[in-house]
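A short write-up of the structure that comes next.
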Amino acid sequence: MAIWKKEISLKSLNESSVNTIVEHIGIRFTDFDDNSISGTMPVDHRTHQPLGILHGGSSVVLAETLGSVAANKAADEGYYCVGLDINANHVRAIRSGLVIGCAKPAHIGATTQVWMIEISDERGRLICTSRLTMAVLKDKREKIGR
């Protein structure tokens, strides 16, 4: 049984990234199933640090992007999620290619959600593991004009 409480499609996920950091660094949503969302990010000049390897902050952007979108799609109608805390362990350096991230829930509660995000290279080797804690908030914004 799927955890998603809001409509989800790769087309809508990727369209929502236009004119954001997600588009700027080349993150693409590539897959989802009943309890996870996956995406890719290039390892190139946009995501490198000065030593020519993947910047840890780029990995965190990918992790937070996947986990945040997943949390919002798993939240009840009338609620949205925002980040409270993220941590990341960078376990392997990578200089080029593509990294693949996958966000899976560790906890989906009424007021918080916790997501585990693993980022691997194209050979399946772990690059970064991250945990993202999200606050679940009631949507009090006006519905007119949205």
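The values are calculated or read from the model by the stated rules, or taken from the named source; none is laboratory data. Since we're looking at a predicted model, the values are computed, not measured. Heads up, the Cβs are rebuilt from the backbone with ideal geometry, glycines too, and the neighbour counts pull from every protein chain shown.
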Out of all the residues in segment 6-23, which are assigned to a loop (DSSP other than H, G, I, E, B) and surrounded by 11 or more Cβ atoms within 10 Å (Cβ to Cβ)?
-> K6, I8, S16, S17, T20
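Being β-branched (V, I, T), without any contact (Cβ under 8 Å) to a residue 60 or more places away in the chain and either touching a His at 6+ places or on another chain (Cβ under 9 Å) or closer than 21 Å to V61 by Cβ (or both) is the filter here; which residues of segment 108-130 pass it?
Residues of segment 108-130 that are β-branched (V, I, T), as a first pass: 108, 111-112, 114, 117, 119, 127, 129.
Going one step further and asking which of them are without any contact (Cβ under 8 Å) to a residue 60 or more places away in the chain, we end up with 111-112, 114, 117, 129.
Passing the criteria: V114, I117, T129.
Any residue at all in segment 42-53 that's within 12 Å of the chain's Cα centre (by Cα), closer than 17 Å to G101 by Cα and modelled with pLDDT of 95 or more? Full working, then the answer.
Filtering segment 42-53 for residues within 12 Å of the chain's Cα centre (by Cα) gives none.
Within segment 42-53, not a single residue is within 12 Å of the chain's Cα centre (by Cα), closer than 17 Å to G101 by Cα and modelled with pLDDT of 95 or more.
Suppose the filter is modelled with pLDDT under 95, among the β-branched types (V, I, T) and either touching a strand residue (DSSP E or B) at 6+ places or on another chain (Cβ under 7 Å) or assigned to a loop (DSSP other than H, G, I, E, B) (or both); does I86 pass it? Please lay out each step first, then the result.
Details: modelled with pLDDT under 95: no; among the β-branched types (V, I, T): yes; either touching a strand residue (DSSP E or B) at 6+ places or on another chain (Cβ under 7 Å) or assigned to a loop (DSSP other than H, G, I, E, B) (or both): yes.
Criteria not met by I86.
In this structure, does G101 turn out to be outside any loop (DSSP other than H, G, I, E, B), under 14 Å from the mean Cα position of the chain (by Cα), of a type outside the set (S, T, N, Q) and over 21 Å from T30 (Cβ atoms)?
Considered against the rule, which asks whether it is outside any loop (DSSP other than H, G, I, E, B), under 14 Å from the mean Cα position of the chain (by Cα), of a type outside the set (S, T, N, Q) and over 21 Å from T30 (Cβ atoms), G101 comes out as no.
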From the residues in segment 24-47 that are farther than 22 Å from P105 by Cβ and in contact with a Lys or Arg (Cβ under 8 Å, 6 or more places away or on another chain), which one is surrounded by the fewest Cβ atoms within 10 Å (Cβ to Cβ)?
-> H24
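Among the listed residues L132, L66, identify the single one that is closer than 27 Å to W4 by Cα and assigned to a strand (DSSP E or B).
Details: L66 fails: assigned to a strand (DSSP E or B).
The unique qualifying residue is L132.
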Taking S58, is it of a type in the set (S, T, Y) and without any contact (Cβ under 8 Å) to a residue 40 or more places away in the chain?
-> yes
Restrict the check to segment 60-79 and report whether at least one residue is hydrophobic (A, V, I, L, M, F, W, C), in contact with a strand residue (DSSP E or B) (Cβ under 6 Å, 6 or more places away or on another chain) and surrounded by fewer than 21 Cβ atoms within 10 Å (Cβ to Cβ).
-> yes
Which condition does L51 not pass, out of (1) in contact (Cβ under 8 Å) with a residue 12 or more places away in the chain; (2) hydrophobic (A, V, I, L, M, F, W, C); (3) outside any strand (DSSP E or B), if it passes all the others?
-> (1)
